[in-house]
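Below is one structure, written out as structure tokens; comments come after it.
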Amino acid sequence: MATKKEVKETYYESIIKQGYSRRDFMKFATYIAAYMGVETSLVGQVAKSLETTYRLPVIWEHFQECTCCSESFIRSDHPIVADIILDKISLDYTLTLMAASGHQAEAAKHATMEKHNGEYILCVEGSVPMGADGNYCCIGGRSAKDILVEAAEGAKAIIAWGSCASNGCVQAAKPNPTDATPIHKIIKNKPIIRVPGCPPIGEVMAGIIVHVVAFGRLPELDRLGRPKAFYSKRVHDSCYRRPYYDAGLFAETFDDQNAKDGYCLYKVGCKGPMTYNSCGIIKWNNGVSYPIQSGHGCIGCSEENFWDNGPFYERLTNLPGFGIESNADTIGKVAAGALAGGIALHAVAANISKRKELRSRISRGKSNEKNISQ
């Protein structure tokens with residue numbers, strides 16, 4: 001019996017088939033290019049790549065995690081992200097979203113691994129337990145480690161979604177009984193993009209996949225393997241409360257008047273000064289808000305060992321690279337001292353200026369009297 005020939009579709013063809021217009025497609029290309037941080041002149045390249053590139057095969061594995069990364073992805077602000085990038089990306093295998101299960105699901109995954117060897121992207125959500133020979137997390141009678149190693153063998157690249165896959169997250173918190181391990185410490189022979197956050201922002205996840213599709217290579221990464229387009233600035237640097245920090249105005253408790261007035265939350269535990277992420281720029285819930293704007297300090301969920309980096313509601317001092325911001329207690333004093341000093345200096349300068357002006361007037365008056373008498 002003849003087998004049905006596989007029909008390949010480009011991303012653009014998939015988008016049009018879903019009922020979107022050419023205008024919708026161009027809006028999406030512009031939208032996702034902006035999130036990727038590329039120049040406006042490159043929007044055309046992004047659009048052309050989506051028009052001519054066949055859907056990228058993706059295998060999405062789940063290990064020790066809560067599925068918040070998938071939840072974040074499918075709730076992206078732009079409908080095409082969920083409808084096309086996720087559904088029509090040729091997502092051949094994901095335990096959470098695929099209709100098939102059991103043997104059918106495994107057969108689909110292995111067919112993709114064989115047919116697209118060296119071409120597919122492996123997305124991993126969750127850490128991998130290395131303790132007890134991997135028996136803390138078994139799927140279909142196999143350990144997470146075995147499944148990961150097998151799936152990674154033929155992958156073109158690996159994307160570690162979320163803090164669990166990127167740095168271990170809460171499962172790796174002390175005393176880490178399962179020996180939860182991030183992906184980059186297990187797989188050493190493949191390029192890995194780490195996308196930390198608990199969860200990462202949906203638009204960030206979509207932007208990374210589109211970057212690989214549009215430019216045929218991984219995005220520029222920092223020394224920790226994170227995309228610079230989304231992890232190059234501290235949350236502190238883009239926070240709307242930052243001016244209050246610089247002015248030495250802090251909330252002392254979550255229910256004091258300073259907190260209600262929007263003052264900086266550093267003293268009540270905000271980890272924004274040590275956390276690199278795009279929360280303050282892209283935000284959550286369709287760009288409406290993010291934790292700090294909602295009145296809760298950043299817990300630093302995109303940084304390594306964030307669960308063990310001290311209590312969430314106690315401020316950290318002497319942070320590496322914190323520089324002149326090392327002690328929040330002195331900032332208010334310095335600001336107040338500088339203000340008082342400035343006022344005093346202004347008063348002295350004004351007094352000197354007035355004296356000079358008075359002397360000048362007296363001198364001019366005497367000169368006029370002399371001229372009149374002559």
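A few comments on the model shown:
- In a DSSP loop and with at most 14 other Cβ atoms within 10 Å, the chymotrypsin sites (Phe, Trp or Tyr not before Pro) in the range 178-241 are Y240.
- Extension reserve of the E252-K188 stretch, reckoned as 0.36 nm per residue once the Cα distance is removed: 18.5 nm
- Arranged from fewest to most other beta-carbon atoms within 10 Å of their beta carbon, H296, H116 become H296, H116.
- The dipole here belongs to the range 197-263: it is taken about the Cα centre, uses +1 on the Cβ of Lys and Arg and -1 on the Cβ of Asp and Glu, and is about 440 debye.
- Treating each Cα of the range 102-233 as an identical point scatterer and summing with the Debye formula, the log10 of I(q)/I(0) at q = 0.22 Å⁻¹ comes to -1.38.
- As computed over the range 11-230, the Cα convex hull volume per residue (Å³): 112 Å³
- Considering all C-alpha pairs of the range 247-319, those separated by over 22 Å amount to 22%.
- Once the Cβ-Cβ distance of A34 and K228 is raised to the sixth power relative to R0 = 25 Å, the FRET efficiency obtained is 0.95.
- Distance between the 7 Å Cα→Cβ label points at H103 and E314: 5.6 nm.
- Each of M205, M36, M130, M26 was scored by other Cβ atoms within 10 Å of its Cβ. Arranged with the fewest first, they read M26, M130, M36, M205.
- Approximating the spin labels as points 7 Å out from Cα along Cα→Cβ, the D24-to-V149 distance works out to 4.5 nm.
- Cβ-based exposure ranking for W60, W284, W161, in which fewest neighbours within 10 Å come first: W284, W60, W161
Every number in this text was worked out from the coordinates using simple rules, so none of it is lab data. On a predicted model such as this, the values are computed, not experimentally measured, just so you know. Here the Cβ is made from the backbone with ideal geometry for all residues, glycine too, and neighbour counts use every protein chain on show.
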